[in-house]
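This report concerns only the one structure given below.
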């Protein structure tokens, strides 16, 4: 870039936008929507963890607290997946490389299943 082209101003993060060439805007916008979906997922996990502990719902206290803490920790980690996933994908788009996978997708699915199992056991006990 020479500095006179559209979009050549400083963009954050430089580690993404100083590499390769500008991809089709549709792909960058889709990547941004995926990032926002990770943010919404993180908010839902946080809200679920707080609600589970705050409402009680007749679930065994130890299992309820464990499930709540797991949800809250997952809710704190999920936005990190969103940010780093967005950056990795945007770099891949700019460089014409294959798109990366989401490393936290499987662990997050396991977390949700474990929390569901804890809640189920907590209701039955």
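Every number in this text was worked out from the coordinates using simple rules, so none of it is lab data. Remember, it's a predicted structure, so these values are computed and weren't measured experimentally. Cβ sites come from the backbone with ideal geometry, for glycine too, and all protein chains shown count toward neighbours.
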Check: Can you give the calculated 222 nm mean residue ellipticity of the chain, where each DSSP H run of n ≥ 4 adds -39,500 (n - 2.57) and the sum is split over every residue, rounded to the nearest 500 deg cm²/dmol?
Finding: -25000 deg cm²/dmol
Next item on the list: Using only alpha carbon pairs under 8 Å that are at least six residues apart, calculate the relative contact order of the chain and give it in whole percent.
Entry: 32 percent
Check: Under the Kirkwood approximation applied to all pairs of distinct alpha-carbon atoms, what is the hydrodynamic radius of the chain in Å?
Finding: 16.6 Å
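Taking 0.36 nm per intervening residue step and subtracting the Cα-Cα distance, what contour gain separates residue 101 from residue 120 on full extension?
3.7 nm
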Notebook entry, point to check: What is the calculated FRET efficiency for residue 113 to residue 60, with r their C-beta to C-beta distance and R₀ = 22 Å, to the nearest 0.05?
Noted result: 0.75
Notebook entry, point to check: If you line up the long axis of helix 25-55 against the longest principal axis of the chain, both from Cα atoms, how many degrees apart are they, to the nearest 10?
Noted result: 20 degrees
